[in-house]
Amino acid sequence: MNLQKLTSTFWAIFAVIAMSLFSISCSDTETTDSTGFAIYYTGMTDIGPSMVGTISSPTYKGAAPSDFAITGITLNGEAYTGGCFEIDPETGKISISDTKNAQTGRYSISISCVAGGKSYHFRNIVTVKMLAAAPEGIKMTPAQLTADYGDVIDINSIADMPTSQISTEGEHISVTGYKVGPVALVTMNGEEKEYQPLSEEYKNCFSITPQGVFSIIQGSEEAALLEPGVYSVSILVNTKVAETILEKAVEVKITSKPLELVYSKNEGMIEEMTGNEPTEFNTCVVPTFKGSTDGLEFAIYSVTPATDKIKINEKTGQIYVEPGHGFKEGDVFEISVLARNAYNTPEEEGTVFENVFTLKTVGFINPISDFYYGKKTNNNIISRTELARFEITPKINGDEVLYKFELPEELKNVGLTFDENNGSITAIKGHKTPLGDHKLKVTATNPKGSTTIEVTLTIKANPNKFTYIHYGNNLGEGGAEREGVEYQNQFRFYKQGDMGEIKAPKTDFKGKNTDLKWKFTKIHQTGIKENGEDGSFTVNGWKNNQVGIILVEATAGDDPDTQVTVTTPVFFHCCSEVDGYTVEYSPMVLHVNPKTGGASAVPVIKKKGVALTNEQRAEFWMDYRRAFNYYNNGGVRSNGVAHENGQPSGSVVSDFMVELWNKCNGGKGSKQPMSYFATGKGGELIKAKDEWSTTLGYVDNGSDLNKRLSVNVVPNQWNVDGWANGFMVGQMTFLENKRPTNDQLNTGKEIFPFIIWFDENYEK
């Protein structure tokens, strides 16, 4: 099929008819003349960046039209020359592609054709309205919701949860859905709000409907996480081509009366007064309070035995005793505290927390001395290893000691914990503390006074750290290695005898390969045999026209706290001739972030060892058809459960794949979610889809030879309560024909030449 292309620089705002999968709104335009001849085109009004589109052949009144041509284009009424519109001279179908950077606006396309031996010109007969890729002016109304804690956690509560409605401004392509994004706890530092990020599970406390209505999930197991306080929730807005985050979209205020009061150390000591030396007491650390802090005040409710010398800071809840108390050694006081906030009624005195603190009178309290970290002689310098788990506890003499840490910014939110009760510093395995020296101040306080020291935490390089395993490749000329990380760990064999040893890989490990512990796991088709301790192995298990995947894992170090493990996939292609043809993708793997999608290189098609010409490639057809296998490699749902291996139907079913296929109308494992072509009757000629909104990916069978037969992954589609992270292999069928029927392509020659590798952390 020869297409007439209007050349230019147009990089429009579309990438999806043959790839993007999004619903398209259409309207009819009719142009007629005095002879009664007329043609009817649909317009396109819902297309955006990285989308492609197709406007179907026109219907007509009168003689059959032919010899279609684009005669002009305007953008918002101004003359425009661009290169993303093509028209089929035989059918009049208009294709839209190469639209990455197009201007938004209204494009009007003028067309000529021939009918009944006469030429006709139709001015501005087709309208394409290109819209912004993502909404602007996104907002939530109202921006703050308030709910009572008791109603939130009680599924039987008759109270309705409050809602907020998301809205957008301006013209943009259609929103395809919303998701609850990151959640943070809001606290106040003076007049400034501070946002403490919370774990992923907090997302499950909230919901947002496809219509953009946000609310709290009442009575759920996760709802119990929402203790009284203010929570900031971000919202993810998905369109056909983009994902936009509306940060801090809505605040949710959970209110309650005082519920709980806990002193981290619920016992304290005070010295008796002897001579002329006064003594005093202060809890130092503010107690943990559960409940709304609006209008919160504390008071001493009772002391047993009774005394008026024990007092409380009404704002913080800190218990203290001033000098002149007259307590004697052996006196023990049980203290009950009253808490009241804005949600107590005027008739209520508040909530009493009985015997929450015990104060003992002793003869002597040891003052703080010999306070240090590490060795006494090392000037509080502590050396630890990057990524390694550790715990450091101070040495100190003194009674009733509490700690306060002053931290530099680089020690915050990197996997370190600083305990104010015992002064310990702990790190989780894999912590992200930067290499080098980090200085912090630690103050130890007790009733006799306080001492502040400067501590240096030195993070040294982990000798076990390494980041990659590279076996090379044989995808170059004559089986030579091809340069580029995108070709790494890929091997193509043309016959069984080509299979054999894969030599030891290169790594950035500072030691020898034999110092590493190796593990090999078969994932798909190909077999393996371990050769030794250097990471080499023998590949076997030839499968005609199949691809294979194994996982190679290498671990450095024996200490569980410091050891590092790196895992990499290795890919294989058994590329034998099928009906005289070979299909060779190089790379044979599309490493892609499912959020952004992407396209592979164009394959080399050979017939009897000779590459097809451009003319032959234009008549070579290939499409995904069946046997879609998914192998999970880190994809998890919000509840932490991993996505399942398997197919959307068959003997080994993956619920993850079933859900993906269902949302794309691909019941019973239909080819449609991965097909370029529309479903048609067996004897009908193959036809590209008109509707792409339910497509996960496809083989590009368009007319652009620079893209023809490339494998495309549609952005933002491979997600069912968690992104795809793993490998997908599907069967393709092919044939060489000027224009085959559906039956012919369905029953074409069967091959598995390609692997899609999903990785949500991948950056090209």
Item to check | Unmet requirement for LYS681, which otherwise passes all of (1) at negative phi; (2) at pLDDT 90 or above; (3) not β-branched (Val, Ile, Thr) | outcome: (2)
Checklist outcome for this item: Taking the stretch 723-739 and keeping only residues that are in contact with a strand residue (DSSP E or B) (Cβ under 7 Å, 6 or more places away or on another chain) and surrounded by fewer than 19 Cβ atoms within 10 Å (Cβ to Cβ), one is left with GLN731, LEU735, ASN737, ARG739
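Counting only residues that are farther than 30 Å from TRP718 by Cβ, give me the strands (runs of 3 or more DSSP E) lying completely in the stretch 125-207 with at least 3 of them. Quick ask: steps written out before the conclusion?
Details: elements: 136-141, 144-148, 163-169, 175-189, 192-197.
The qualifying strands (runs of 3 or more DSSP E) are 144-148, 175-189, 192-197.
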Item to check | Test result for SER110, crowded, with 16+ Cβ neighbours inside 10 Å, over 28 Å from ILE245 (Cβ atoms), at pLDDT below 90 and of a type in the set (Ser, Thr, Tyr) | outcome: no
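Where residues in the stretch 497-527 are among the hydrophobic types (A, V, I, L, M, F, W, C) and under 14 Å from GLU553 (Cα atoms), which of them is surrounded by the most Cβ atoms within 10 Å (Cβ to Cβ)? It would help to see each step written out before you state the result.
Here is the first cut: in the stretch 497-527, the ones among the hydrophobic types (A, V, I, L, M, F, W, C) are 499, 502, 504, 509, 516, 518, 520, 523.
Now drop any that are not under 14 Å from GLU553 (Cα atoms), which leaves 504, 509, 516, 518, 520, 523.
Working: ALA504: 18, PHE509: 20, LEU516: 25, TRP518: 21, PHE520: 15, ILE523: 19.
It comes out as LEU516.
Report whether or not GLY170 is on the phi > 0 side of the Ramachandran plot, loosely packed, with under 15 Cβ neighbours inside 10 Å and free of Cβ contacts under 8 Å to residues at least 40 places away in the same chain. Give the derivation first.
Values: on the phi > 0 side of the Ramachandran plot: yes; loosely packed, with under 15 Cβ neighbours inside 10 Å: yes; free of Cβ contacts under 8 Å to residues at least 40 places away in the same chain: yes.
For GLY170, the condition - on the phi > 0 side of the Ramachandran plot, loosely packed, with under 15 Cβ neighbours inside 10 Å and free of Cβ contacts under 8 Å to residues at least 40 places away in the same chain - is met.
Within the stretch 82-110, can you find the residues that are of a type in the set (Val, Ile, Thr), in contact (Cβ under 8 Å) with a residue 60 or more places away in the chain and touching a Gly at 6+ places or on another chain (Cβ under 9 Å)?
First, the residues of the stretch 82-110 that are of a type in the set (Val, Ile, Thr): 87, 91, 94, 96, 99, 104, 109.
With in contact (Cβ under 8 Å) with a residue 60 or more places away in the chain added as a condition, the list becomes 87, 96, 99, 104.
Answer for the stretch 82-110, where residues must be of a type in the set (Val, Ile, Thr), in contact (Cβ under 8 Å) with a residue 60 or more places away in the chain and touching a Gly at 6+ places or on another chain (Cβ under 9 Å): ILE96, THR99, THR104.
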Checklist outcome for this item: Apart from one, (1) under 30 Å from VAL237 (Cβ atoms); (2) out of contact with any Lys or Arg (no Cβ under 9 Å at 6 or more places or on another chain); (3) among the small types (Gly, Ala, Ser); (4) crowded, with 20+ Cβ neighbours inside 10 Å all hold for SER675; the odd one out is (2)
Checklist entry - In the set THR679, THR733, which member is part of a loop (DSSP other than H, G, I, E, B) and outside the structural domain of ILE87 (by TED's automatic domain parsing)? => result THR679
Item to check | Number of positions in the stretch 643-660 that are farther than 18 Å from TRP757 by Cα, of a type outside the set (Ser, Thr, Tyr) and free of Cβ contacts under 8 Å to residues at least 40 places away in the same chain | outcome: 5
Next on the checklist: Step by step: first the residues of the stretch 288-308, then only those that are in contact (Cβ under 8 Å) with a residue 24 or more places away in the chain and under 20 Å from VAL332 (Cβ atoms), then the one that is surrounded by the fewest Cβ atoms within 10 Å (Cβ to Cβ). Which residue is that?
Outcome noted: PRO305
Next on the checklist: So GLU192 passes all but one of these: (1) among the charged types (D, E, K, R); (2) surrounded by fewer than 17 Cβ atoms within 10 Å (Cβ to Cβ); (3) within 30 Å of PHE357 (Cβ to Cβ). Which condition number does it fail?
Outcome noted: (3)
Checklist entry - Hey, among PRO587, PRO603, PRO594, which residue is crowded, with 16+ Cβ neighbours inside 10 Å and either closer than 21 Å to PRO505 by Cβ or touching a Cys at 6+ places or on another chain (Cβ under 9 Å) (or both)? => result PRO587
Next on the checklist: Looking only at the stretch 588-642, count every residue that is closer than 28 Å to SER199 by Cβ and either free of Cβ contacts under 8 Å to residues at least 40 places away in the same chain or in contact with a Pro (Cβ under 8 Å, 6 or more places away or on another chain) (or both) and tell me the total.
Outcome noted: 7
Checklist entry - Where residues in the stretch 644-664 are surrounded by fewer than 19 Cβ atoms within 10 Å (Cβ to Cβ) and part of a helix (DSSP H, G or I), which of them is modelled with the lowest pLDDT? => result LYS663
Next on the checklist: If I filter the stretch 86-104 for residues that are in contact with a strand residue (DSSP E or B) (Cβ under 7 Å, 6 or more places away or on another chain), surrounded by fewer than 16 Cβ atoms within 10 Å (Cβ to Cβ) and within 30 Å of GLY170 (Cβ to Cβ), do I get at least one hit?
Outcome noted: yes
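Does VAL303 satisfy the condition of being outside the structural domain of SER174 (by TED's automatic domain parsing), out of contact with any Cys (no Cβ under 7 Å at 6 or more places or on another chain) and not polar (S, T, N, Q)?
Working: outside the structural domain of SER174 (by TED's automatic domain parsing): yes; out of contact with any Cys (no Cβ under 7 Å at 6 or more places or on another chain): yes; not polar (S, T, N, Q): yes.
Taking the combined requirement at face value, the residue satisfies it.
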Checklist outcome for this item: Here the qualifying pairs (Cβ atoms under 7 Å; residues six or more apart or on different chains; first in the stretch 257-282 and among the basic types (Lys, Arg); second surrounded by 16 or more Cβ atoms within 10 Å (Cβ to Cβ) and in a loop (DSSP other than H, G, I, E, B)) come out as LYS257/GLY291; LYS257/ASN341; LYS257/TYR343; LYS257/ASN344
Checklist entry - Which one of the conditions (1) closer than 23 Å to GLU260 by Cβ; (2) among the hydrophobic types (A, V, I, L, M, F, W, C); (3) modelled with pLDDT under 90 does VAL230 fail to meet, given that it meets all the rest? => result (3)
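Among the listed residues GLY83, GLY117, identify the single one that is over 13 Å from PRO58 (Cα atoms), at pLDDT below 90 and surrounded by fewer than 23 Cβ atoms within 10 Å (Cβ to Cβ).
Working: GLY117 fails: at pLDDT below 90.
Matching residue, one of GLY83, GLY117: GLY83.
For the structure I just gave you, tell me whether TYR120 is in contact with a Leu (Cβ under 6 Å, 6 or more places away or on another chain) and either part of a strand (DSSP E or B) or outside the structural domain of GLU247 (by TED's automatic domain parsing) (or both). Give the steps one after another, and end with the answer.
Working: in contact with a Leu (Cβ under 6 Å, 6 or more places away or on another chain): no; either part of a strand (DSSP E or B) or outside the structural domain of GLU247 (by TED's automatic domain parsing) (or both): yes.
Considered against the rule, which asks whether it is in contact with a Leu (Cβ under 6 Å, 6 or more places away or on another chain) and either part of a strand (DSSP E or B) or outside the structural domain of GLU247 (by TED's automatic domain parsing) (or both), TYR120 comes out as no.
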Checklist entry - What are the pairs, 6+ residues apart or on separate chains, where a residue within the stretch 545-561 that is closer than 15 Å to PHE466 by Cα has its Cβ under 6 Å from a residue that is part of a strand (DSSP E or B) and hydroxyl-bearing (Ser, Thr, Tyr)? => result VAL552/THR568; GLU553/THR567; THR555/THR565
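Looking at VAL570, VAL578, VAL566, VAL539, can you tell me which residue is among the aliphatic types (A, V, I, L, M) and either loosely packed, with under 15 Cβ neighbours inside 10 Å or under 21 Å from LYS606 (Cα atoms) (or both)? Can you show your working first?
Values: VAL570 fails: either loosely packed, with under 15 Cβ neighbours inside 10 Å or under 21 Å from LYS606 (Cα atoms) (or both); VAL566 fails: either loosely packed, with under 15 Cβ neighbours inside 10 Å or under 21 Å from LYS606 (Cα atoms) (or both); VAL539 fails: either loosely packed, with under 15 Cβ neighbours inside 10 Å or under 21 Å from LYS606 (Cα atoms) (or both).
Residue meeting the stated conditions: VAL578.
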Next on the checklist: Just to be sure before I move on: is ASN632 within 30 Å of GLY181 (Cα to Cα) and modelled with pLDDT under 95 in the structure I sent?
Outcome noted: no
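The values are calculated or read from the model by the stated rules, or taken from the named source; none is laboratory data. Just so you know, these numbers come straight off a predicted model, no measurement behind them. Positions of Cβ are generated from backbone atoms using ideal geometry, with glycine treated the same way; all protein chains shown enter the neighbour counts.
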